[in-house]
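Participant: I have a structure I would like to understand better, so I am pasting it below and will then ask my questions one at a time.
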Amino acid sequence: MEDLSAGPFVPAVKSEPSKPVPSDPPSLSAGDTFPIAVGAMSEPDKDFLCPICMQLIKDAFLTSCGHSFCYMCIIIHLRNKSDCPCCGHYLTNSHLFPNFLLDKLLKKMSARQISKTASPVEHFRQTLQKGCDVTIKELDTLLSLLAEKKRKMEQEEAERNMQILLDFLHCLRKQKVDELKEVQTDLQFIKEDISAVEKHRMDLYRARDRYSMKLRMLDDSGGRKSWYSSKEDRNTSGLMSSPLHLRGGLSSGSLTKKNEGKSQISSHGHGAQRKDAISGSDSQYINQSGLALVRKKRVHTQFNDLQECYLQKRRHPADKAHSQQERDMNLITREGYSAGLEDFQSVLTTFTRYSRLRVISELRHGDIFHSANIVSSIEFDRDDDLFATAGVSRCIKVFEFSTVMNEPADAHCPVVEMSTRSKLSCLSWNKFAKNQIASSDYEGIVTVWDVNTRKSLMEYEEHEKRAWSVDFSRTDPSMLVSGSDDCKVKIWCTNQENSVLNIDMKANICCVKYNPGSGNYIAVGSADHNIHYYDLRNISHPVHVFSGHRKAVSYVKFLSDDELVSASTDGTLRLWDVKENLPVRTFRGHANEKNFVGLSVNSEYIACGSETNEVFVYHKEISKPLTWHRFGSPEVDDADDEAGSYFISAVCWKSDSPTILTANSQGTIKVLVLAA
């Protein structure tokens, strides 16, 4: 990114008017003793300061013109000049005389100032040092007093220490009691949930036994029916063969043997089929058991995060009741299940369902005319039938997803290509008009395209620098938002030629996104490390500023109307609650220090790229990666340093399916799917 442009200057703080300085007190003559007797002046009188060094005069000497100086100060002065520093009168060393009176006054003043600030112990020490006469009895009395004072001070110190220790222990006991109550509450939750789960498990076992019994009954009835039908067929064939017998055909004995052989073969075949069915069910059971073990292993691997998730959901269940449509369709409403337990089982199910990313298709985005193949944006259309790619090759390519999935890798051709004047940074499909797609480019131009006619419908050129991001509103098909390095967020309407709203910020804008539930709210990621959440009805200040990232915020995406995910070049993703204005979770595992590596979300999972040329998938409730996939370098001869410079540049989920489109800086596009 380019350097940040200078923001508005901070207004200078006005200095307070200086207060009038009180005039100096009248100077006292050398004979006056009032200031010495008082000795309370914290600052020495200016008359006692040497005019040369501006310190208290040491070894005062008086000149013939009546001025006093420090001896060393005036001697050094006279080495260079032959005049008085105060009045300019001619002066030599022979015109200097000791000022004994001033020296005496200064020494008294210093002694009184020291005695005023000295402690009683210091006074007592000075008194003893001066040789004051003290009797042994007086010394014993003083020693007793000192010993008693020492014991009292030690007792007070011990009491203070005991009080500090007691306060600490009380605080610790309160904390541990609170923790014990919390643990007891958690144990009660766990006990209730174990009881509810075991009850439901027994219900499932009984239901499975009933289904198995019904299947066996159907299987047995089917076997008897086939036996009766084969018997009738034999009788019928016997009646039909009687004319052949009369005509000298097969004898009755040979016919009987043949029928017996058929019945044996039939019974043997039926037994083989049942055996195959049993062996098939056994292998299926083995596969299911292996899958269960793998899922249990995933649970133990992320046990601490899952434990935190469970306790959080049990301690703080959702305030609003979950409707039947909001619950996982694979879960049945269970008697005794709390809302927190149902939420956690949904998390546990979706978290352990997948363990890897599998490649199901691959294509190359680059062409022979452009050596730079970085795919900066990849997006599905409204119905997930088409997806568009854009990047530094100055071209928007639209592919048909079903064709990419069904045809060989070498045969993938875009159904639409639209050339642009500049490198592209971002794409956004209109969620209402299937044929409209918006783009932002490095020249700051925001363009709305008609995919059917392959022509631009609108071009907005108000941004002064590179535009990093553009997004169509999900509630109003005519509105879109863009952000740029010129520190401005602009709202556009496809029915107007100019921007309808402008937000000036203090740092470069890296990403913008409409709230999917309302066209009035947008999230703005900035180079100032923050996410600014605005209500477009009042843009004077953001509704909230989400702080926590340590570097520029490169992407913002909404998981739901109330959940926002952000990516930053500090190598983390963060989940925020935009309703309560709170941080929820930080995701770590991928590497991202300088590049735009992509970010995409669906209802449960978060996908992002990494500068290690890997795609990472997180579950929104777990802070560590669920799984990841590394892009392989197609050129075997690539040097290690070049291979290490590749990075994932764009990702996009296919709605709420486990399928994800990914692209890297080589121009390789892969279709990945979450697999068990």
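Participant: Given the options Val481, Val545, name the one that is under 20 Å from Thr572 (Cβ atoms) and part of a strand (DSSP E or B).
Facilitator: Answer to the check: Val545.
Participant: Restricting attention to segment 60-74, which residues are open to solvent by 20 Å² or more (accessible area, probe 1.4 Å) and either assigned to a helix (DSSP H, G or I) or in contact with a strand residue (DSSP E or B) (Cβ under 6 Å, 6 or more places away or on another chain) (or both)?
Facilitator: Result: Phe61, Leu62, Ser68, Tyr71, Met72, Cys73.
Participant: Given the conditions (1) open to solvent by 10 Å² or more (accessible area, probe 1.4 Å); (2) out of contact with any Lys or Arg (no Cβ under 6 Å at 6 or more places or on another chain), which single one is not true for Ile522?
Facilitator: Result: Ile522 fails condition (1) only.
Participant: Continuing with this model, one more query. Here are some conditions: (1) over 23 Å from Glu308 (Cβ atoms); (2) surrounded by fewer than 18 Cβ atoms within 10 Å (Cβ to Cβ); (3) not charged (D, E, K, R). Tyr534 meets all but one. Which one does it not meet?
Facilitator: So the condition that Tyr534 fails would be (2).
Participant: Go through (1) farther than 30 Å from Pro317 by Cβ; (2) exposed (fewer than 11 other Cβ atoms within 10 Å of the Cβ); (3) not hydroxyl-bearing (Ser, Thr, Tyr) and name the single condition Asn99 misses.
Facilitator: For Asn99, the exception is condition (2).
Participant: Please state which of the following conditions Ala507 fails to meet, knowing it meets all the rest: (1) hydrophobic (A, V, I, L, M, F, W, C); (2) buried (at least 21 other Cβ atoms within 10 Å of the Cβ); (3) in a loop (DSSP other than H, G, I, E, B).
Facilitator: (2)
Participant: Kindly list, by first and then second residue, each pair from a residue in segment 552-567 that is within 17 Å of Thr475 (Cβ to Cβ) to a residue that is of a type in the set (Gly, Ala, Ser), limited to pairs with Cβ atoms under 6 Å and residues at least 6 apart or on different chains.
Facilitator: Asp561/Gly517; Leu564/Ala523
Participant: Something else about it: Every residue in segment 557-571 that is over 11 Å from the mean Cα position of the chain (by Cα) and assigned to a strand (DSSP E or B), please.
Facilitator: Of everything in segment 557-571, those that are over 11 Å from the mean Cα position of the chain (by Cα) and assigned to a strand (DSSP E or B) turn out to be Lys557, Phe558, Glu563.
Participant: Could you pull out the residue among Ser600, Ser560, Ser566, Ser610 that is open to solvent by 30 Å² or more (accessible area, probe 1.4 Å) and of a type in the set (Gly, Ala, Ser)?
Facilitator: Ser560
Participant: I want to confirm something. Restricting to segment 373-391 and keeping residues that are within 20 Å of Cys608 (Cα to Cα) and not in a strand (DSSP E or B), which single residue is least open to solvent (accessible area, probe 1.4 Å)?
Facilitator: So the residue we want is Asp381.
Participant: Looking for whichever is in contact with a strand residue (DSSP E or B) (Cβ under 8 Å, 6 or more places away or on another chain), touching a residue at least 60 places away in the same chain (Cβ under 8 Å) and not basic (Lys, Arg) here; the options are Leu96, Leu102, Leu106. Which one fits?
Facilitator: Leu102
Participant: Which number in (1) part of a helix (DSSP H, G or I); (2) in contact (Cβ under 8 Å) with a residue 24 or more places away in the chain marks the one condition that Ser402 misses?
Facilitator: Here Ser402 clears every test but (2).
Participant: Follow-up question, since we're still on this one. Quick check on Ala433: is it closer than 29 Å to Ser655 by Cβ and at pLDDT 95 or above?
Facilitator: When the stated conditions are applied, Ala433 does not pass them.
For every residue, the table says whether it meets (1) under 45 Å from the mean Cα position of the chain (by Cα); (2) open to solvent by less than 90 Å² (accessible area, probe 1.4 Å).
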residue: Val121; (1), (2): no, no
residue: Leu139; (1), (2): no, yes
residue: Leu145; (1), (2): no, no
residue: Ala158; (1), (2): no, yes
residue: Leu166; (1), (2): yes, yes
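Participant: Could you look through segment 621-676, keep only residues that are among the small types (Gly, Ala, Ser) and open to solvent by less than 10 Å² (accessible area, probe 1.4 Å), and pick out the one that is modelled with the lowest pLDDT?
Facilitator: Result: Gly667.
Participant: Output the strands (runs of 3 or more DSSP E) that fall wholly within segment 422-471 and possess 2 or more residues being open to solvent by 60 Å² or more (accessible area, probe 1.4 Å), or say none.
Facilitator: Because the criterion is at least 2 residues that are open to solvent by 60 Å² or more (accessible area, probe 1.4 Å), the strands (runs of 3 or more DSSP E) in segment 422-471 that meet it are 455-460.
The values are calculated or read from the model by the stated rules, or taken from the named source; none is laboratory data. Model, not experiment: these values are computed from the prediction. When we count neighbours, we look across all protein chains shown, and the Cβ atoms used for this are built from the backbone with ideal geometry, even at glycine. Quick note on the areas: whole protein, heavy atoms, side chains included, nothing else; ligands and nucleic acids left out. Shrake-Rupley method; radii C 1.70, N 1.55, O 1.52, S 1.80 Å.
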